Amino acid sequence: MLMLTLEIVGAVFVRQLEHQNLTTFKQQVELPTYIDNSLATQLNRNDTKKANRQIRQILAEVNNNNISEIRVVDSKGIIRGTSNSNNQDIIGQRATDSAVKNTLATNRSHSKNVYYQSSHDHYYINVVPLLSPNNTNNVVGAVYLRASLEGVYSSINSISLIYAFAAFITIIFSLGLSILISREITRPIEEMRKQTLRIARGDFSGRVNVTGNDELGQLAGAINNLSVRVEESQELSDAEQRRLHSVLSHMSDGVLATDRRGNITVINETALQLLDIDEADEVIGKPILDVLDLRKDYSIRELVEKDQEQVLLDDNSNKSGLILSAYFSAIQRESGFVSGFVCVLHDVTSQQKEDQERKQFVSNVSHELRTPLTSVKSYVEALSDGAWKDPEIAPKFLKVIQDETERMIRMINDLLSLSRMDSGTAKLNLEYVNINELFNYILNRFDMILKKEKDPKKKKYTIERQITKKDLWVEIDTDKFTQVIDNIMNNAVKYSPDGGVITARLVETHNHVILSISDQGLGIPRKDVSHIFDRFFRVDKARSRKQGGTGLGLAISKEVVNLLGGQIWVDSVEGKGSTFYISLPYMPYDEGDEWDA
Ligand code: ADP
C-alpha cells in the first residue's frame, strides 16, 4: 500500500515538476519584445544585405545560454539569419521546418518538443510570428527558436532519482517498522493463543503478560480472568465428582447409571458386589437390560414408566444368587429431554426369605392344627352318631380325642414359647448351674422311666454315660435347658431301634462345654440335615405325628440354645444314627477366683 501510494505520489510529483520546469524554461527562452520588434523592422527593410547584417548583430546581442539557436525567417520562408555562427550557410535557404510553415500560414506561434535520436537530445522549438511595426496585421516573418531541454530533463531526472532513493529508504524503513509493530502486536496474540491451548489441556498455571490498557491488554486480562474462572469451576466440578464418587461408593444400595440408550456409564462398588461382577469395565457400555437379565420381560421405557414400583430380580437372574429389588428412574432435563436412567439396587434376599418363611409358617400352623381337629371332629361325630353306646369303641375313640387334644395343646404351647422367643419377650431365669449334675439328673430320670415301664411292648434302650467328673458351672435357664435335653433325649428314644444304646457325653474345652447325645437310630438323610431345626420340619411327617411329635421340638431347642449364647448342631449318617451336639459358653475358674472377685 505504502509503495503504491509512493509510486502514485512520485508520478504526480515528477509530472508536476516537469510541467513546472518546462513552463519556467519556456518563459526563460522567450525573446524580449524589443528584439522581436527590431527583427521585424529589419525584415521590413528592402535592403536585404543590410538587413541581414543588422539581424545578425541583433541575434549576437541575445545573451541567453538556454537558447541553442535562433533563426529569423522572412514572410516567404527564407532564412534571413541564424545565431549559430557555424551554420551561416543556411542563410538564404528556405526554411523546411513544419512549425515555421504553420506559423507563417496561420500568423500564430507554434511550439514543439523534439528528440533527436542521433545526438540523444531533447529540444524545445518555438516559432513566433514577427509582425510589422506599422501594421500589426501584417506578418513580416518568424523567429525560430531552438533550446536544449537537456538541463531541464537532467534536473528532473536527478530530482526523480532523489525522490526514488527517498522512497526506497522510506519503504525499507517502514517495512522494518511494520515488521517490528506487527511482531509487537502478534507476540501477545501468540502468547494468548498458547495460554488458551494450555487452558484447554487443563493446565491453569500460566498467565499472559498484560502489557497495556489497549484492546490487546484488555483481551490478555480477560484470558487471565477466564483461566482463573475455568480453574475454579474445574476444581468445583472435581470436588463434586469426588463427593459423588464417595457417596456412590459408600452407599449401601447399588447404583447404576446409563446413557439415554440404556448403556451403563456408572456402576458403584455395592452394585458390583450385589451382581457379583469383578470389574466395572466388564459392564460399562453394555445395555443395563442385559446385565440385569430383564430384556425378555421389559423395555427400558416400561421400567421407567413403572414409576417408583420395584422390579424384583430373582436369584436366577444374577450370579450372586441374591434377590434384588430394582428401582428405575429417568434423568430428565427441564426441557423434558431424557439424558439417561438411574437404577438403584437393593438386597431384599432376607426380606423375601422371611416373607416366604412367614407364609410357610402360617400355612404349616393351619395345616398342623387342621389334621388333629379334623380327626377329633370325625371321632366326636361318630360318638354322637351312636358309637358312645358301644362300650368297646367309645373308650378308644375318647382316647384318640384326648391324645389329639393333648397334642394340639402341646403344639399351641410350643408355638407360644417360640413366639415369645421370636418377639424377645421370653424371660430367661439365668443362674449358675453345675451342668454335670443337671445332665446326670435328667439322664437318671430317663433311666427311671425305663425301669418303671412295665409294658413289655415298649421299646427298650440303654443310656451310656461318658461324662466328665468335673463340676462345670454354666449360666443357664434350668427349666428351658432341661426342656432342650428332654427333647433331644425323647427324639433319641423315639428314633432308636429297640434295644439301642444312647450315648450321652459331656466334655469341656477351654471356653465351652459340649454335650452330645448319640443314638443308633434311623439317622437323618443328608439333604434334610440342614432343615432339621426348621419349624414343622419332619423327615417322615406321618410317623412323627403318630408318635405325637409336633415338629417344633428342635426349633425350640435351637432358639433356647441360641438365647443362652450357645450352638446346636447335628451329625448324622442315614441308617446308622445321629449325634446332636450342644455347646455352651463356659468360663473355667479356679478356687481362688472366687476370692479375687
Ligand atoms: P418331632 O416332634 O417330630 O420329633 P422335632 O423337631 O423334635 O419334631 O424333630 C424334627 C424331626 O427331626 C423329626 O420329625 C425327625 O424326623 C427328625 N429327628 C429328630 N431327632 C432325630 C433322631 N435322633 N434320629 C433321627 N431323626 C431325628
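If we scan region 465-484, do we find a residue that is within 12 Å of the ligand (Cβ to nearest atom) and of a type outside the set (Asp, Glu)?
Yes, that holds for at least one residue.
So which residues in region 69-81 are buried (at least 19 other Cβ atoms within 10 Å of the Cβ) and not aliphatic (A, V, I, L, M), if there are any at all?
Of everything in region 69-81, those that are buried (at least 19 other Cβ atoms within 10 Å of the Cβ) and not aliphatic (A, V, I, L, M) turn out to be Arg71, Asp74, Arg80, Gly81.
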- Taking the options Val291, Val304, name whichever one is closer than 21 Å to Ser339 by Cα, among the aliphatic types (A, V, I, L, M) and modelled with pLDDT of 85 or more. Val291
- Filter result for Arg71 (basic (Lys, Arg), at pLDDT 90 or above and outside any helix (DSSP H, G or I)): yes
- Query: Counting only residues that are open to solvent by less than 10 Å² (accessible area, probe 1.4 Å) and touching a Leu at 6+ places or on another chain (Cβ under 8 Å), which one in region 466-487 is nearest to Asn436 (Cα to Cα)?
  - Reply: Leu472
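Inspect all residues belonging to region 280-298 and state whether any of them is in a strand (DSSP E or B), surrounded by 14 or more Cβ atoms within 10 Å (Cβ to Cβ) and free of Cβ contacts under 8 Å to residues at least 60 places away in the same chain.
So far as region 280-298 goes, yes, one or more of its residues are in a strand (DSSP E or B), surrounded by 14 or more Cβ atoms within 10 Å (Cβ to Cβ) and free of Cβ contacts under 8 Å to residues at least 60 places away in the same chain.
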- Item | Output for region 222-246, where each listed residue is surrounded by 13 or more Cβ atoms within 10 Å (Cβ to Cβ) and touching a residue at least 12 places away in the same chain (Cβ under 8 Å) | Ile223, Asn224, Leu226, Ser227, Val230, Glu231, Gln234
- Counted residues, region 459-487 - those being in contact with an Asp or Glu (Cβ under 8 Å, 6 or more places away or on another chain) and assigned to a loop (DSSP other than H, G, I, E, B): 6
- Note on the structure: Residue hits (region 8-25; touching a helix residue (DSSP H, G or I) at 6+ places or on another chain (Cβ under 8 Å) and either open to solvent by 100 Å² or more (accessible area, probe 1.4 Å) or over 15 Å from Ala164 (Cα atoms) (or both)) are Glu18, Asn21, Leu22, Phe25
- When both residues are 6+ apart or on different chains and their Cβ atoms are under 8 Å apart, which pairs have a first residue that lies in region 533-549 and is free of Cβ contacts under 8 Å to residues at least 24 places away in the same chain, and a second that is open to solvent by 70 Å² or more (accessible area, probe 1.4 Å)? Phe537/His531; Val539/Leu522
- Reported set for region 141-167 where residues are without any contact (Cβ under 8 Å) to a residue 24 or more places away in the chain and open to solvent by less than 60 Å² (accessible area, probe 1.4 Å) is Ser158, Ala166
- Query: If you take the residues in region 45-65 that are of a type outside the set (A, V, I, L, M, F, W, C) and open to solvent by less than 60 Å² (accessible area, probe 1.4 Å), which one is farthest from Leu131 (Cα to Cα)?
  - Reply: Asn64
- Evaluate region 366-383: report whether one residue or more is under 29 Å from Lys480 (Cβ atoms) and either under 60 Å from the mean Cα position of the chain (by Cα) or not in a helix (DSSP H, G or I) (or both). yes
- Query: Looking at (1) touching a residue at least 60 places away in the same chain (Cβ under 8 Å); (2) over 21 Å from the mean Cα position of the chain (by Cα); (3) open to solvent by 90 Å² or more (accessible area, probe 1.4 Å), which is the only condition Arg260 fails?
  - Reply: (2)
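The values are calculated or read from the model by the stated rules, or taken from the named source; none is laboratory data. Not measured: the values here are computed from a predicted model. As a convention, Cβ positions derive from the backbone with ideal geometry for all residues, glycine included, and neighbour counts pool all protein chains shown. Calculation scope for accessible area: heavy atoms of the full protein, side chains included, ligands and nucleic acids excluded. Shrake-Rupley method; radii C 1.70, N 1.55, O 1.52, S 1.80 Å.
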